[in-house]
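Report on one structure; see the data block that follows.
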Amino acid sequence: MAKIRHIALTTKDPSKVAAFYKEAFDMEEIRRSDNGAVFLTDGYINLAILNYKTNDDADVGAHGPNFDGIHHVGFLVDDLDKACEKLEGVNGQRLNQRDGIDTSMAAASPQNFEMKWSGPDGVVIDISHTGWMTSK
């Protein structure tokens, strides 16, 4: 069974939104990316606070660019290939290709690998066999 391990918000001001969640819920900041995204955790599930998506992003999502709110959800899967087959079988839409990408990273690797899909309502779904960092 896949397990939810990652929820992502998009916003105009990731730092401000991250400060809210850190103060309100004692979430721990794991890291910040060069583009301003902030990644928090409760030790179990990640909360990624991302900058707005644009129409140039493959995963812009059902709400379009410049959307404030929950953008996507990430599932930890045991087998990436089987998860892709299942998503294809239920008419999931692949948003990024994995041609030429090394998906053989071990689940214990500190690196994250995710593929982006969308469901019937256009909501973006990340699937990962490596998971998301939950501590510094």
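Computed from the coordinates by the stated procedures, all read-outs in this text should not be read as laboratory data. Because the structure is a prediction, the values reported are computed rather than measured. Reconstructed Cβ throughout: ideal geometry from the backbone, glycine too, with neighbour counts over all protein chains shown.
Roughly how tilted is helix 80-89, in degrees to the nearest 10 and between 0 and 90, from the longest Cα axis of the chain?
80 degrees
State the label only: which of (i) 15.9; (ii) 18.0; (iii) 15.4 corresponds to Kirkwood radius over Cα pairs in Å computed from the shown model?
Identified label for the calculated read-out: (iii).
Each label point is 7 Å from the Cα along the Cα-to-Cβ direction; what then is the distance between the points at Asp42 and Asp121, in nm?
Output for this residue pair reads 2.0 nm.
Considering only the other residues whose Cβ falls under 13 Å of the Cβ of Gly119, what net charge follows from Lys and Arg at +1 and Asp and Glu at -1?
-1
Given the rule -39500 (n - 2.57) for each run of at least 4 DSSP H residues, summed and divided by the residues of the chain, what is its mean residue ellipticity at 222 nm, to the nearest 500 deg cm²/dmol?
-5000 deg cm²/dmol
Expected output is a single nm value to one decimal: the length gained when fully extending between Phe20 and Asp78, i.e. 0.36 nm times separation in residues minus the C-alpha distance. What is it?
Working: separation 58, 0.36 × 58 = 20.88 nm, distance 3.30 nm.
Roughly 17.6 nm would be gained on extension.
For the chain, take the longest principal axis of its alpha carbons; what is the angle in degrees between that and the long axis of helix 14-25, to the nearest 10 within 0 to 90?
That helix lies at roughly 80 degrees to the long axis.
Of the lysine pairs in the chain, how many meet both conditions: Cα atoms under 29 Å apart, and a spacing of 8 or more in sequence or different chains?
For the chain, qualifying lysine pairs total 25.
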